[in-house]
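Here's the structure, in structure tokens; my notes come after.
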Amino acid sequence: MSRIQHELLSGLIATVLSLALLIAAGRAEPERLARRAAAAHAWEIEIGAELYADHCRSCHGINGEGVGQLGPALHDDHFFRGRLREVGWQGTPGEYVASTIALGRVVATAPFYAGDGNVVMPAWSQAYGGPLRPDEIQSLVAFVLNWEASATGTVELRPVPTPTPSLEDLAGQAVRGEKVFLAAGCGDCHTIAGLSKGTSGPDLTAVADIAGSRRPGMSAADYLRESFLIPNAYLVAGYEEGARCGGILSQKQLDDLVAFLLTRKG
Amino acid sequence: MFRITHLAAAVDARARAIAAGLSISELRALLRGDKPGERPNPRYRAHVISFLLHIRPRTYPLASTWFTHTFRLGFFTTFFFVVEALTGVVLMIYYVPTPDQAYASIIRLITRVPFGELLRDVHRLAGEGMVACAFLHMLRTYVTASYKGVRSFTWLTGVALLAITLGLAFSGYLLPWDQLAYWAVTIGTSMAAAMPWIGKELNTLLRGGPDIGADGLLRFYQLHVIALPLAALLLLGVHYYKVARGHGLSLPAHIEEGDLPPAERAAATRRIDFIPDLLAHEVFLASLGGLALIALALFVYDAPLERHANPQRTPLETAAPWFFLWVQGLLKLGDKAWMGIGVPLAAFGLLAALPYLDRNPSRLARRRPLALGLGALGVAALIVLTYLGTPGYGVHLPAAVAIGQAMAPEEGIGPLHMVPFDNLPLGVFAAEGTDEAALPASFASVLSDLRRRLAEADARGALPQARGLIIVEEWQADLKRITLRITWTTEPAGETQAEARQVYTRVFYIHRQRSGHD
């Protein structure tokens, strides 16, 4: 064979090989695209987790469990199963979360979250004066929606195995709740005999006896919780609209506080 | 009978119209490597009839096509340019040049478009190949002294083409709008700002404002897809026409001016036809180049993509693209105006002026020791500067941050991402004193890697009494939170200060679909 024929033949072989590679790649392409899309989504979730820790956790809780009156729980069965119907949202859950983050909560919707007294949920999108870019909002959406499996009970998240002290009883909770009561300044408005002398709010010395009968169908614990979160939901006769119990109580602190109040019997 | 010959004549006429005057039997003769069957040689006439062929010489002196003389570098630079144009046109369909959309459009290309990732990898790979080949082509031309005399102007257009090639590569660098792109270009354009007199204006012109934003991206996009390719095409035409028609192809120096036996000279300067000898060779090279690009892009090379550009967050390590590392090296040696602008401009000025400075008429290596010595010095300087420009040199992260960066880099995949997701055990694991036998091997090796790094930093005094900790928590379905914590003791700073325990913490997240990969 002449050199020309050698080269043309080698060129032909290289071209056929290229085409074979392309065909093989093409056959694997749907699977590769799916893998790439999954990885890209996973990356969004990872980035969303970082953004959530930076921007969202102070109001919605480190694990999306909600923080007292500040922000509702997101890692929550109701959020995934009932929330869209509750607010009459027509679009997808992703669009609901995205628009809520971008625009903020312009009008409060039931159940009412008071916020910290200044704003309800602020607008986070750069388009509306917030700090987040569109891609960051999408990452946050991916992260928040990824709670669905554990919130609705499909997946059980295991706690980190750590040497924990033995579980405390209600009495232990009540002891901590008393500290919360004092530290959070509840006593400035409420009297508990022997503990505080506030007068602008109802006397709580024997609140455990009456809490269960204030609101029909509501347990004492739920009533106390509601009274803290939404002070004006039920006003005891003779008292003005109270101050918002501003500041942040974590869910755990609130639980402790309620446990403490439930020990206050006449 | 009449009808059949009539048909044959019609087919032949059509074939000749398409194949630049070559009949079917002539084409077959070409492929067989036979001599032309008609007179006058229809293969030469093809150079007159066809636009694409008319810029190619009909014949080449044999020695000018020797592999050791050209290494086919000019050919491959052009080949890569064509690949860039073809892939670039397709990529333009999917790319959106706005800060809000650019990054998402790249993600879409990779995750939704069949062959999209291949296209992007080939485009990036061929772009880097073009930079490398253009530079090596110039180096070869310098070594064989093919820039002298009548070839001076050709050299000048070549220097301009190298500058355009670098401009194309650099402007393309910004387009994905990721951290890598954003900060490399921010640093690159900040040098323009150091230019005396016109620095501020030039910087504003390039960036479209004080910082790179929507306007800057659009400018770089426009440069990348229109202005620079057009300039490259124009100059490439001038460059090639000069080589092919203007002054003759350069032969190896010892044949052009050496003392050769006449027979040997005659053999070396024997003219070979472009069609089919060189055309077959170019078809062969292009097929090989195409195969190499596709295979590399499929199996070896992945075009990098970091996180979305974030002007508020400077990466721990910013690196210029490899072909500009030498400038970054220069910047570490001096100030921006002199080292970042002065020296590179002077270098390009020297290159452009080379044929006019080098008055030595000889091309023979042994008669130009000074030129070759200076050339070697220049290449050595480039290599040293490139090394100085790498992020590892001269810039030292604090020891704990460096360990954090090694275990869990800001960008890309770190050792903990490589542990299969289910082998990341939940719990709190100290680098020292954890029972590694009870852990999955892949995770245990990361833990011992951390221990080794801490011990090394401790021994060198960077992190006295260093301790490390990895906490793995199940955060969401298929998502784990990793906390890497390093503590160490600092020396008391003054008499009043007690020694203090310092803490470095890095928290990051690993999703199942991004773990276990390499």
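No lab work stands behind these numbers, since they all come straight from the coordinates. Bear in mind that the values here come from a model prediction, so they are computed numbers and not experimental data. No Cβ is skipped: glycine too gets one built from the backbone with ideal geometry, and neighbour counts run over all protein chains shown.
Using the Cβ-Cβ distance between B:A438 and A:L235 with R0 = 56 Å, the FRET efficiency computed as 1/(1 + (r/R0)^6) comes to roughly 0.40. Partner lysines whose Cα lies under 25 Å from the Cα of B:K480, excluding those fewer than 8 positions away in the same chain, are identified as A:K252. Cross-link pairs exceeding 24 Å between alpha carbons, from the set B:K148/B:K332; B:K200/B:K336; A:K179/A:K265: B:K148/B:K332. Simple spin-label estimate for A:E156 and B:L139 gives 6.4 nm between the two label positions (7 Å along the Cα-to-Cβ direction from each Cα).
In terms of other Cβ atoms within 10 Å, B:H6, B:H308, B:H511 run from fewest to most in the order B:H6, B:H308, B:H511. Toward the positive end of the charge dipole of chain B, with +1 on the Cβ of Lys and Arg and -1 on the Cβ of Asp and Glu, the farthest Cα among B:W326, B:F51, B:F421 is that of B:F51.
Put in order of Cβ neighbour count within 10 Å, fewest first, the listed residues B:T144, B:T189 become B:T144, B:T189. For segment B:428-434, putting each phi into the Karplus relation 6.51 cos²θ - 1.76 cosθ + 1.60 with θ = phi - 60° gives couplings of 10, 10, 7, 5, 9, x, 8 Hz, in residue order, rounded to whole numbers and with x for Gly and Pro. Taking other Cβ atoms within 10 Å as a rough exposure proxy, B:K35, A:K252, B:K480 sort from fewest to most as B:K35, A:K252, B:K480. Per-residue shielding of B:287-293, expressed as the average number of other chain Cβ atoms within 10 Å of the residue Cβ, stands at 6. Computed across segment B:303-435, the Kirkwood radius stands at 19.4 Å (inverse of mean 1/r, all Cα pairs).
Based on the convex hull around the alpha carbon atoms, chain B presents an average projected area of 36.3 nm². For segment A:32-85, the square roots of the Cα gyration tensor eigenvalues, ordered a ≥ b ≥ c, give a/c of at least 1.5 with a/b no greater than b/c, which places it in the oblate category.
Only Lys, Arg, Asp and Glu carry charge here, each on its Cβ (+1 for the first two, -1 for the last two); on that basis segment A:15-91 has a dipole of about 340 debye about its Cα centre. If you take the beta carbon distance between B:L86 and A:H78 as r and set R0 to 41 Å, what does 1/(1 + (r/R0)^6) give as a FRET efficiency, to the nearest 0.05? It comes out at approximately 0.15.
Take B:A214 and B:R271, extend 7 Å from each Cα along the Cα→Cβ direction, and tell me the distance between the two endpoints in nm. Placing both labels 7 Å along Cα→Cβ, they lie 6.0 nm apart. What angle do you read, to the nearest 10 degrees and between 0 and 90, between the alpha-carbon axis of helix B:279-299 and the longest principal axis of chain B? Taking Cα atoms only, the helix is inclined about 10 degrees. Helical content of the protein assembly as shown, expressed as a calculated mean residue ellipticity at 222 nm, amounts to -17000 deg cm²/dmol (DSSP H runs of 4 or more residues, -39,500 (n - 2.57) each, divided by residue number, nearest 500).
Label B:A381 and B:Y301 with points 7 Å out from Cα along Cα→Cβ: what is the distance between them in nm? So the two model labels end up 3.0 nm from each other. For B:V143, the shell of other residues with beta-carbons less than 11 Å away shows a net charge of +3, using +1 for Lys and Arg and -1 for Asp and Glu. Compared with the direct C-alpha span, the chain from B:A353 to B:A13 gains 117.2 nm at full extension, assuming 0.36 nm per residue. Counting only residues at least eight positions apart within a chain, or on another chain, the aspartates and glutamates with an alpha carbon under 13 Å from that of B:K35 are B:E26, B:D273, B:D277. Segment A:L17..A:E95, full-extension length gain: 23.5 nm, with 0.36 nm per residue of separation and the alpha-carbon distance subtracted. For the Cα atoms of chain B, what angle does the longest principal axis make with the long axis of helix B:441-459, in degrees from 0 to 90, nearest 10? Value to nearest ten degrees: 80.
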